[in-house]
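The values are calculated or read from the model by the stated rules, or taken from the named source; none is laboratory data. These numbers come from a predicted model, not from an experiment. For neighbour counting, all protein chains shown are included, and Cβ atoms are generated from backbone atoms with ideal geometry for every residue, glycine included. The area values use the complete protein model at the heavy-atom level, side chains included, leaving out ligands, DNA and RNA. Shrake-Rupley method; radii C 1.70, N 1.55, O 1.52, S 1.80 Å.
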Amino acid sequence: EAYQRFMHPVPLEGGVIAGVAAIGRVANGSVAALFRRNRTDINVRAAYTNMAFDAVFSIASLIAGLLILLTGKTWLDPAISIGIGFGLLYAAFGILRQAVNIFLEGVPVGVSIDEAQAVILKSSNIKSVSNIYAWAISSNEYVLSCTVTPKVKEYKKLKGMTDSLKRELQEIGFAKVIIEVT
């Protein structure tokens, strides 16, 4: 659309553009402020990013509207539109990367398999740990699965050991922990 407006300029009302942009800045900025606190959830982060970028781009549109009003240069409108498009693509890329990681059940960003392994091996009842896998089932819910070889074979001690390990692994960020004992 911006390309079409470059090729076939139309008369624009800079005052109207500036007025709508000023209203958009206040509305989008207010909504973005509501989402600002919980940006770990991918849905909230996407909404926040959308509103925050809309607020920033409203400022750019306000400036473009004022410049069109003062100079009559209508090419500023499509130029700002192209800049907004690139800005949104940049912001969307980060969210898309996180979404793809969730869909492909990749290791969550910020989760350390080495840290999980250290927590497991810290237990005096564990000989070894293998087959450690971590994946995201949502933007803030992670799963860890592993196989442990215990030093003890008594059921009561094994049950206590696995329950303790699950709690410790949940404390470092895993919502669900699956421990197979060999």
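Assorted remarks:
- Distance from region 132-153 to region 17-47 (C-alpha centre basis), Å: 37 Å
- D by Stokes-Einstein for region 51-90, Kirkwood Rh over Cα pairs, 20 °C, 1.002 mPa s: 209 µm²/s.
- Carbon and sulfur %, accessible surface of the chain computed with the full protein complex present, 1.4 Å: 61 percent
- Surrounding net charge for Ser138, when Lys and Arg each add one and Asp and Glu each subtract one, Cβ distance under 13 Å: -1
- GNM top mover of Ser138, Ser130, Ser81 - the chain, alpha-carbon springs below 10 Å: Ser130
- Between the Cα long axis of helix 76-103 and the first principal axis of the chain there is an angle of about 10°, rounded to the nearest 10.
- Convex hull volume of the C-alpha atoms in region 1-131, normalised per residue: 126 Å³.
- Computed from Cα positions, the angle between helix 42-71 and the longest principal axis of the chain comes to roughly 20 degrees.
- Evaluating 6.51 cos²θ - 1.76 cosθ + 1.60 at θ = phi - 60° for every residue in region 141-150, the Karplus couplings come out as 10, 10, 10, 10, 10, 7, 10, 10, 10, x Hz, glycine and proline recorded as x.
- Per-residue HN-Hα couplings for region 162-176 [Karplus 6.51, -1.76, 1.60; θ = phi - 60°; Hz; x = Gly/Pro]: 5, 4, 5, 4, 4, 4, 5, 6, 5, 5, 9, x, 9, 6, 10
- Remark on region 54-182: hydrodynamic radius 18.4 angstrom, per the Kirkwood mean of 1/r across alpha carbon pairs.
- Restraint check, Lys127/Lys153; Lys122/Lys166; Lys127/Lys176; Lys122/Lys159, Cα-Cα greater than 19 Å: Lys127/Lys176
- Using alpha-carbon coordinates, inclination of helix 14-35 to the longest axis of the chain, degrees: 20 degrees
- For the chain, calculated [θ]222 nm from helices alone, where every DSSP H run of n ≥ 4 adds -39500 (n - 2.57): -21000 deg cm²/dmol
- On the basis of the beta-carbon distance and an R0 of 30 Å, Asn140 and Ala79 show a calculated FRET efficiency of 0.20.
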